[in-house]
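K.L.:
Questions regarding the structure given below will be posed in turn.
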Amino acid sequence: MSIKEIMQTMDYGPAPESATDAQTWIAAHPVLGHFINGRFVAPEGATVDVVNPATDAVLAQVAIGTEAEVDAAVKAARTAQAKWAALPGHDRARYLYAMARHLQKRERLFAVLEVLDNGKTIRETRDIDVPLAARHFYHHAGWAELLADEFPGHTPLGVCGQIIPWNFPLLMLAWKIAPALAAGNTVVLKPADLTPLTAYAFAQLCVEIGLPPGVVNIVNGDGSTGAALAGHPGIAKLAFTGSTEVGRILRRQTAGSGKKLTLELGGKSPFIVFDDADLDAAVEGVVDAIWFNQGEVCCAGSRILVQESVAERFLAKMTARMAKLRLGDPLDKTMDMGAVISHRQRQRIEALLAAGEAEGATLHRAPCPLPAKGSYVAPGFFTGTAPAQTVSQTEIFGPIATTLTFRTPDEAALLANDTRYGLAASIWSENLNRAIDLANRVKAGVIWINGTNFFDAAAPFGGMRESGFGREGGRAGMLDYVAPKAKSGALRAAPAPLAPVSPALGKAERSPIDVTAKLYIGGKQARADGGQSYSVTGKAGVIGQAALAGRKDVRNAVEAAGKATGWGGVTAHNRAQVLYFMAENLAQRETEFTAALTQAGTPKPQAEVQATIRRAFWYAAWADKFDGRVTATKSSHVTLTVNEPFGTLGIVAPDEAPLLGLMSLILPALAMGNRVVAVASQSQPLIAARLYQVFETSDIPAGAVNLLTGDSDSLAKTLADHDDVAALWYFGAANGVAAVESASAGNLKPVWAEAGLRDWLDPAQGLGMEFLTRATQVKTIWMPYGV
Ligand code: NDP
């Protein structure tokens, strides 16, 4: 097309980016092996084709890493780790800084390689993926510099295994590698076998900057290679981004291994448009939410919820805008969309769309012609969807959104949360009160107000619910790559098995002392559902009986906690007042609690009671201070990182320190606004019954704390299985740790499980920021400003 013709039609002329340099690079690397211990290693096993999804052309071959290759990489990373961690933070910062600089110098090569490998547009790789990856290395160079100042008392983890997907190959690499290295860890990273090019080019960059061998290792491969990495005993942490299904497999695979795990999984994020929104801006938001990167975005705004009064107008604008989307050669700078990752993915998307139509929804597609070759999917959206339909619930991972209408903000919140996921949400309203109110109520790790898909290295990113746990970016992201210096000692032994006493037995056979402590559920004392109890032995024989709770009691307690939503809603000041009141009430009963602990035979009864009282004051003090921060992201944004409670938190207290161990866990959970279902020390549960009166007289609302007694491990398993328990803390024996971690794969709740004994009297072990951090999840809220 001539310039004259273009001027006459005002149509786009082609503006292709040159692929010459990238093609030369590819020609020089026909077979991509691995990068282990600073060297490029030829594959010892099979290879598969690397295909350009936009043209179906085979670009290269990539290795499918074997167990032996994974092992070699982990060994190299282990050898390198101590020296890397011992470097001054400043020196590590210099390497990260060099990575950022070199990425910037090569940004066009990386941008074009990513287009050829993934099918996404050059506009996106050039303007988003590569600059953000560089920004990530710069930001984390800063954390390396400041590590000792900002994370005192913390150590690196060791070797981090990292598995990344194909939708943002370079960016996900940066999100994984930068914080790990900044904290003093070394890494073994497995790229997706569909998109290995930029990771390989990044390995070359590591050589160029003189990165010590073994600090970064890249093992190419498929799911089997990933499984070998996840299962390797030499890694201390596994960080994964990908599908929820594989996330679940990895949760089970790593259960009980002691490996730290972070999962960034799928989503079905709501895009909520109120009647007072700037509708034209919101339509542009839809372009960025679901058509950006062909919809292959974990946080894509894939469920569009529009207020009924403007729905017709909004959908008309959306349809008109969609018709103007340009889809085609992703190297052409005028294209909005390129190809999806593979024909397999295209077929998966089309199959889901067919399922949506079969269930009665109407599919609207853009009228754009599709290139003859390549895996292209025309953008679109559904109308007439119902919340329970397949396409409303399943991640399509393609450029098609569903649409639904709502009438009130309450209904918007209900629909927004009607998903098993919780990754992101986008809220459009010119009324900031309304937008922030909803931002509070939507269960998602990232909220964008009047915008969508903003990312920044300083802004923590990550999910809630089945979108996974852990954060990437900012301070919260760094915390996932360090650990508090080892505190726990020898491994805890499992408590002796319980001998249930049947209610059918006569009083005389039950116990000479007829004290049967009940459970505490929904603010009331309750008998165990099965009516059973068990004998509790103190210093001088049997001291009483405790209720033997079962599955039904756990369910009742979780239900009661679920209803006590008010506790999370009261102001932090109010929670502090209640905790101070509790501290006072405990103090008044110091003698009684000390006597009870003495009778139970705990080693330092008075010290335990006094430490509990002090701890109640300490967490009361924190209730209105562990609040979050304003994060320095892009200009024209106030980005908040808020420490939110989980909701219902399950706690299985350690068997040792029956009062202090239990309260050291309940107090921070309550201070942060969680409702608690706690299982008391199995061998010394009677102290819990004394706490009921303290809770009752301290204005703790009914259901905010529920206490169970009985077989800790079986109650823990029921809590781990329960979908309405949002997070679980377990302090028990090693086999219990494995059991709860594995069971938690159901709803992917974050689990803090420890088998090592703690000295709860020691403030360095029994209280601190770790408890507050564990009691909360970070929600990042982006708010734009400017006119
Ligand atoms: P996967 O979750 O299967 O892949 C993500 C990464 O995990 C890849 O590197 C993959 O290797 C690896 N992997 C696969 N199986 C295992 C395993 N058992 N153990 C360890 N690692 C493993 O995603 P897919 O690529 O199969 O995509 C399927 C769907 O997942 C998409 O349609 C989309 O819905 C969702 N998805 C979500 C993403 C997100 O960011 N939340 C990203 C990608 C996909 P390899 O690919 O080389 O086989």
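The values are calculated or read from the model by the stated rules, or taken from the named source; none is laboratory data. As the structure is a computational prediction, the values presented were derived from the model and not from experiment. Virtual Cβ from ideal backbone geometry, glycine too; neighbours counted across all protein chains shown. For the accessible areas, the whole protein counts, side chains as well, though only heavy atoms, and no ligand, DNA or RNA atoms are used. Shrake-Rupley method; radii C 1.70, N 1.55, O 1.52, S 1.80 Å.
K.L.:
From the P(r) of region 696-787, could you give the percentage of C-alpha pairs in the tail past 21 Å?
P.N.:
49 percent
K.L.:
Here's something else I'd like to know. Could you work out how far the C-alpha centroid of region 729-787 sits from that of region 108-154, in angstrom?
P.N.:
Taking the Cα centre of each part, region 729-787 and region 108-154 sit 28 Å apart.
K.L.:
Once you list every other residue whose beta carbon is under 9 Å from the beta carbon of Glu741, what net charge do they have if Lys and Arg are +1 and Asp and Glu are -1?
P.N.:
+2
K.L.:
Oh, and also: With a 1.4 Å probe and all protein chains left in place, how much accessible area per residue does the chain have, in Å²?
P.N.:
So the chain comes to 37 Å² accessible per residue, rounded to a whole number.
K.L.:
Multiplying the sequence separation of Asp724 and Leu761 by 0.36 nm and subtracting their Cα-Cα distance, what value in nm do you get?
P.N.:
10.1 nm
K.L.:
Can you compute 3J(HN,Hα) from phi for each residue in region 728-734, using the Karplus curve 6.51 cos²θ - 1.76 cosθ + 1.60 with θ = phi - 60°, rounded to whole Hz and x for Gly and Pro?
P.N.:
9, 10, 9, 10, x, 7, 4
K.L.:
Which residues' amide hydrogens lie under 5 Å from the amide hydrogen of Val536, considering only partners 5 or more residues apart or on another chain, with H built in the peptide plane?
P.N.:
Ile543, Gly544, Gln545, Ala546
K.L.:
Another question, if that's okay. For the Cα atoms of the chain, what angle does the longest principal axis make with the long axis of helix 551-563, in degrees from 0 to 90, nearest 10?
P.N.:
Result, in degrees: 70.
K.L.:
Can you work out D for region 1-121 in µm² s⁻¹ from Stokes-Einstein, where Rh is the Kirkwood radius over C-alpha pairs, the temperature is 25 °C and the viscosity is 0.890 mPa s?
P.N.:
My calculation gives 136 µm²/s for D.
K.L.:
Asn433 to Glu411: extension gain in nm, 0.36 nm per residue of separation minus the Cα-Cα distance?
P.N.:
Extra length available between Asn433 and Glu411 comes to 6.3 nm.
K.L.:
Here is a follow-up. Provide the per-residue ³J(HN,Hα) series for region 423-439, in order, calculated from phi with Karplus coefficients 6.51, -1.76, 1.60 and θ = phi - 60°, each as a whole number of Hz, with x at glycine and proline positions.
P.N.:
Working through the residues one at a time gives 8, 8, 7, 10, 10, 10, 6, 7, 9, 5, 4, 5, 5, 6, 4, 5, 4 Hz.
K.L.:
Then there is this: What's the local net charge at Val677, with K and R +1, D and E -1, over the other residues with C-beta under 11 Å away?
P.N.:
Residues near Val677 contribute -1 overall.
K.L.:
Roll a 1.4 angstrom probe over the protein heavy atoms and tell me the percent of accessible area of the chain that is carbon or sulfur.
P.N.:
Taking all protein chains in place, the chain shows 55 percent carbon and sulfur surface.
K.L.:
Amide H to amide H, which residues 5 or more places from Lys260 or on other chains are under 5 Å from it, using H placed in the peptide plane?
P.N.:
Long-range HN contacts for Lys260: Lys237, Leu238.
K.L.:
Can you give me the relative contact order of region 644-787 as a percent, contacts being Cα pairs under 8 Å and 6 or more apart?
P.N.:
Reported relative contact order: 29 percent.
K.L.:
Hey, any idea what the orientation-averaged projected area of the convex hull of region 618-696's Cα atoms comes to, in nm²?
P.N.:
Taking a quarter of the hull surface, the average projection is 6.6 nm².
K.L.:
Let me ask something additional. Using label points projected 7 Å from each Cα along Cα→Cβ, tell me how many nm separate Asp21 and Arg629, to one decimal.
P.N.:
If labels sit at Asp21 and Arg629, their model points lie 3.6 nm apart.
K.L.:
How much FRET efficiency would the formula 1/(1 + (r/R0)^6) give for Ala316 and Leu491, where r is the Cβ-Cβ distance and R0 is 51 Å, rounded to 0.05?
P.N.:
So, using R0 = 51 Å, E works out to roughly 0.20.
K.L.:
Provide the packing ranking of 105-114, 624-633, i.e. peptides ordered by the mean count of other C-beta atoms within 10 Å per residue, highest first.
P.N.:
Going by the mean number of other Cβ atoms within 10 Å, highest first, we get 105-114, 624-633.
K.L.:
Tell me, rounded to the nearest percent, the portion of alpha carbon pairs in region 257-306 spaced more than 18 Å apart.
P.N.:
41 percent
K.L.:
Would you mind counting up the charge near Ala351? Only other residues with Cβ under 14 Å from its Cβ, with Lys and Arg at +1 and Asp and Glu at -1.
P.N.:
-1
K.L.:
With all protein chains present, calculate the accessible area of Cys298 using a 1.4 Å probe and round the result to the nearest 10 Å².
P.N.:
20 Å²
K.L.:
For the pair Asp127 and Ile209, how long in nm is the line joining their label points, each one 7 Å along Cα→Cβ?
P.N.:
2.7 nm
K.L.:
With the dipole of the chain worked out from charges on the C-beta (+1 for Lys and Arg, -1 for Asp and Glu) around the Cα centre, which of Met337, Met7, Thr598 lies farthest toward the positive end?
P.N.:
Of the options given, the answer is Thr598.
K.L.:
Report Rg(Cα)/(2.2 N^0.38 Å) for region 545-631, keeping two decimals.
P.N.:
1.41
K.L.:
Let me ask something else. May I ask which residue of Gln684, Ala745, Ile781 lies farthest towards the positive end of the charge dipole of region 678-787, with charges of +1 (Lys, Arg) and -1 (Asp, Glu) on Cβ and the Cα centre as origin?
P.N.:
Value: Ile781.
K.L.:
Can you compute the radius of gyration and Dmax for region 60-208, using only the Cα atoms, both in Å?
P.N.:
15.3, 46
K.L.:
For the pair Ala355/Ala595, report the inter-label distance in nm, with labels modelled 7 Å from Cα in the Cβ direction.
P.N.:
6.4 nm
K.L.:
Further question on the same structure: Can you list the residues, at least 5 places off or on another chain, whose amide H is less than 5 Å from the amide H of Ile427, using H built in the peptide plane?
P.N.:
Result for Ile427 returns Ile272, Trp448, Ile449, Asn450, Gly451.
K.L.:
While we're looking at this one, here's another question. What's the ranking of 369-377, 83-91, 269-277 by average number of surrounding C-beta atoms within 10 Å, highest first?
P.N.:
Output ranking for 369-377, 83-91, 269-277: 269-277, 369-377, 83-91.
K.L.:
Relative to the longest principal axis of the chain, what angle (0 to 90°, nearest 10) does the C-alpha long axis of helix 107-118 take?
P.N.:
Helix 107-118 sits at roughly 80 degrees to that axis.
K.L.:
OK, next. Express as a percent, rounded to the nearest 5, the fraction of DSSP beta bridges in the chain (both residues included) that run antiparallel.
P.N.:
Once the DSSP bridges in the chain are tallied, antiparallel ones form about 45 percent.
K.L.:
Students often get this wrong, so check it: of Lys268/Lys717; Lys260/Lys749; Lys190/Lys485; Lys83/Lys176; Lys176/Lys260, which have C-alpha atoms separated by over 23 Å?
P.N.:
Pairs exceeding 23 Å: Lys268/Lys717; Lys190/Lys485.
K.L.:
Could you give the length gained on full extension between Gln606 and Thr537, defined as 0.36 nm per residue of separation minus the Cα-Cα distance, in nm?
P.N.:
Gain on extension, Gln606 to Thr537, equals 22.9 nm.
K.L.:
Right, here's the next one. How big is the Kirkwood radius of the chain, worked out from every pair of different alpha carbons and given in Å to one decimal?
P.N.:
It works out to 27.8 Å.
K.L.:
For region 684-726, count all C-alpha to C-alpha pairs, find those more than 13 Å apart, and express that count as a whole percent of the total.
P.N.:
Percentage above 13 Å: 63.
K.L.:
Stick to the Cα atoms of region 85-151, pair each with every other, and give me the Kirkwood hydrodynamic radius in Å at one decimal.
P.N.:
12.7 Å
K.L.:
Output the peptides 528-534, 74-80 sorted from most to least packed, where packing is the average of other Cβ atoms within 10 Å over each peptide's residues.
P.N.:
Per-residue Cβ counts within 10 Å, averaged per peptide and sorted highest first, yield 74-80, 528-534.
K.L.:
Expressed as a whole number of Å, what is the distance separating the alpha-carbon centroids of region 628-690 and region 1-72?
P.N.:
Using only Cα atoms, the two centres lie 48 Å from each other.
K.L.:
Let me know the charge dipole size of region 48-172 about its Cα centre in debye, to the nearest 20, where only the beta-carbon of Lys, Arg (+1) and Asp, Glu (-1) is charged.
P.N.:
440 debye
K.L.:
If one takes the longest principal axis of the Cα atoms in the chain, at what angle in degrees, from 0 to 90 and to the nearest 10, does the Cα axis of helix 343-358 lie?
P.N.:
70 degrees
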